[in-house]
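Contents: one structure, followed by commentary.
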Amino acid sequence: MLINCVAYQEGKKLTDVPVVDISEHLKQPDTFVWVALKDPSTEEIALMQDEFSLHELAVEDAARGHQRPKMEEYGETVFMVVHIVELNGDELNVGQLAVFAGCNFVLSVRRDSSQGFLGVRARAEREPHQLRKGSGFVLYALVDAVVDRYFPVLDALESELESIEDHIFGQQGEQRANVERLYALKRKAQQLRHAVFPLLDAVGRLYGGRVPGVVVETQDYFRDVHDHLIRIAGRLDAVRDTINTAIQVTLSMVAIEENDISKKLASYAAIFAVFTAFAGVWGMNFEFMPELKWKWGYPFALATMVGVCGYLYRRFKKAGWI
């Protein structure tokens with residue numbers, strides 16, 4: 001689906017462009033065309049390929065989606081893929097933004113994402129001095145917007161982790177739920193990590209040393225994006241380490257709880273074993289117990305059993321087993 005198709009000249013919006021007229025505007029000096037697509041059909045992708053002379057391999061990646069974040073050069077065109085990570089309730093939704101940036105055009109293809117980039121276009125149009133830098137600045141603005149959206153997602157993960165940590169030493173019986181929440185949180189952190197770490201390498205190739213001609217004037221901006229990614233990566237590593245530690249602590253709490261239960265079972269088993277032992281020695285078939293013809297033998301046997309069991313109960317209670 002076509003979202004926007006706009007021509008810009010010397011940093012200012014020239015006009016909205018019908019798709020069939022794109023090639024005409026590309027011929028004008030100091031002009032570039034910015035096209036935005038969302039979940040395009042095969043026919044729309046093929047049309048853009050013809051209009052902008054896009055490489056077939058890059059078009060294939062943009063059409064299929066689910067690509068690893070990367071930056072590739074095809075002649076004078078930069079092809080970049082970034083993951084759009086969005087919070088959808090308690091789940092993370094991962095979409096994709098593929099951007100083609102040439103000397104006189106920008107084509108963005110958004111897939112599996114509900115968040116648009118109209119704000120990015122509005123921001124660029126408010127800064128004509130930046131928009132004069134051409135497609136390189138638009139590429140930066142799009143990538144920067146995606147990276148900025150990682151921060152609230154990371155904040156949410158950290159807040160959820162703090163909430164789980166508060167319950168680790170809570171009531172017994174909650175450990176299973178805590179482990180399940182921790183593993184779910186670890187999966188979310190891993191999804192964000194898969195978006196961030198490959199992008200570090202891709203953005204790192206857009207400043208310093210030999211860079212594509214499209215981004216020569218915007219290298220400093222991409223360095224800033226790279227710094228943001230480094231900050232996010234550091235926080236992600238901290239979250240992952242904390243999750244692993246929390247899982248180990250929770251499993252240790254489970255082991256301690258199981259050990260306490262085993263102690264209680266063993267204690268009560270020992271107490272009831274006393275009855276079995278005395279009854280086995282004295283037997284239950286005599287006229288009087290514990291010795292033959294002893295009138296007070298039966299009460300004495302019961303008192304002995306109760307006394308010994310009470311003594312064991314006190315010892316186990318004092319030891320903390322019960």
field: Members of the range 41-56 that are surrounded by fewer than 20 Cβ atoms within 10 Å (Cβ to Cβ) and closer than 11 Å to residue 98 by Cβ
entry: 45
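Out of all the residues in the range 145-203, which are acidic (Asp, Glu) and within 28 Å of residue 255 (Cβ to Cβ)?
Matches in the range 145-203: 158, 160, 162, 165, 166, 174, 180.
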task: For the range 223-231, state whether one or more residues are in the same structural domain as residue 176 (by TED's automatic domain parsing), within 17 Å of the chain's Cα centre (by Cα), on the phi < 0 side of the Ramachandran plot and free of Cβ contacts under 8 Å to residues at least 60 places away in the same chain.
output: yes
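Give the range 78-91 a look and list any residue that's assigned to a strand (DSSP E or B) and either within 18 Å of the chain's Cα centre (by Cα) or surrounded by fewer than 22 Cβ atoms within 10 Å (Cβ to Cβ) (or both), or say none.
82, 83, 84, 85, 86, 87, 88, 91
Of the residues that sit in the range 57-77 and are assigned to a loop (DSSP other than H, G, I, E, B) and more than 22 Å from the chain's Cα centre (by Cα), which one is farthest from residue 101 (Cα to Cα)?
Here is the first cut: in the range 57-77, the ones assigned to a loop (DSSP other than H, G, I, E, B) are 65-69, 75-76.
Next, only the ones that are more than 22 Å from the chain's Cα centre (by Cα) stay: 75-76.
Numbers: 75: 11, 76: 9 Å.
Among them, the one singled out is 75.
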message: Checking the conditions here, which among 268, 183, 207, 221 is in contact with a helix residue (DSSP H, G or I) (Cβ under 9 Å, 6 or more places away or on another chain) and outside any helix (DSSP H, G or I)?
response: 207
query: What is the number of the single condition among (1) small (Gly, Ala, Ser); (2) over 30 Å from residue 163 (Cα atoms); (3) modelled with pLDDT of 85 or more that residue 233 does not meet?
result: (2)
statement: Within the range 156-169, the count of residues that are without any contact (Cβ under 8 Å) to a residue 60 or more places away in the chain and either outside any helix (DSSP H, G or I) or of a type in the set (Ser, Thr, Tyr) (or both) comes to 2
field: Matching entry among 143, 106, 153, 94 (being surrounded by fewer than 23 Cβ atoms within 10 Å (Cβ to Cβ) and either outside any helix (DSSP H, G or I) or more than 18 Å from the chain's Cα centre (by Cα) (or both))
entry: 94
query: So, of the residues in the range 2-36 that are part of a helix (DSSP H, G or I) and out of contact with any strand residue (DSSP E or B) (no Cβ under 8 Å at 6 or more places or on another chain), which turns out to be surrounded by the fewest Cβ atoms within 10 Å (Cβ to Cβ)?
result: 20
- prompt: Has the range 171-194 got at least one residue that is polar (S, T, N, Q), buried (at least 16 other Cβ atoms within 10 Å of the Cβ) and under 30 Å from residue 103 (Cα atoms)?
  reply: no
message: Going by what's in this entry, would residue 92 be described as assigned by TED's automatic domain parsing to the domain that holds residue 152, modelled with pLDDT under 90, in contact with a helix residue (DSSP H, G or I) (Cβ under 9 Å, 6 or more places away or on another chain) and not charged (D, E, K, R)?
response: yes
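In contact (Cβ under 8 Å) with a residue 24 or more places away in the chain, out of contact with any Asp or Glu (no Cβ under 9 Å at 6 or more places or on another chain) and over 28 Å from residue 86 (Cβ atoms): which single residue out of 216, 196, 211 fits that description?
That would be 216, the only listed residue that is in contact (Cβ under 8 Å) with a residue 24 or more places away in the chain, out of contact with any Asp or Glu (no Cβ under 9 Å at 6 or more places or on another chain) and over 28 Å from residue 86 (Cβ atoms).
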message: Need the failing condition index for residue 209 against (1) modelled with pLDDT of 90 or more; (2) surrounded by fewer than 18 Cβ atoms within 10 Å (Cβ to Cβ); (3) not hydroxyl-bearing (Ser, Thr, Tyr), just the number.
response: (1)
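Residue-wise test of (1) touching a helix residue (DSSP H, G or I) at 6+ places or on another chain (Cβ under 7 Å); (2) over 15 Å from residue 217 (Cβ atoms); (3) assigned by TED's automatic domain parsing to the domain that holds residue 207; (4) touching a residue at least 24 places away in the same chain (Cβ under 8 Å).
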{"position": "84", "(1), (2), (3), (4)": "yes, yes, yes, yes"}
{"position": "96", "(1), (2), (3), (4)": "no, yes, yes, yes"}
{"position": "110", "(1), (2), (3), (4)": "no, yes, yes, yes"}
{"position": "128", "(1), (2), (3), (4)": "no, no, yes, yes"}
{"position": "134", "(1), (2), (3), (4)": "no, no, yes, yes"}
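The values are calculated or read from the model by the stated rules, or taken from the named source; none is laboratory data. Please read all numbers here as calculations on a predicted model, not as lab measurements. Reconstructed Cβ throughout: ideal geometry from the backbone, glycine too, with neighbour counts over all protein chains shown.
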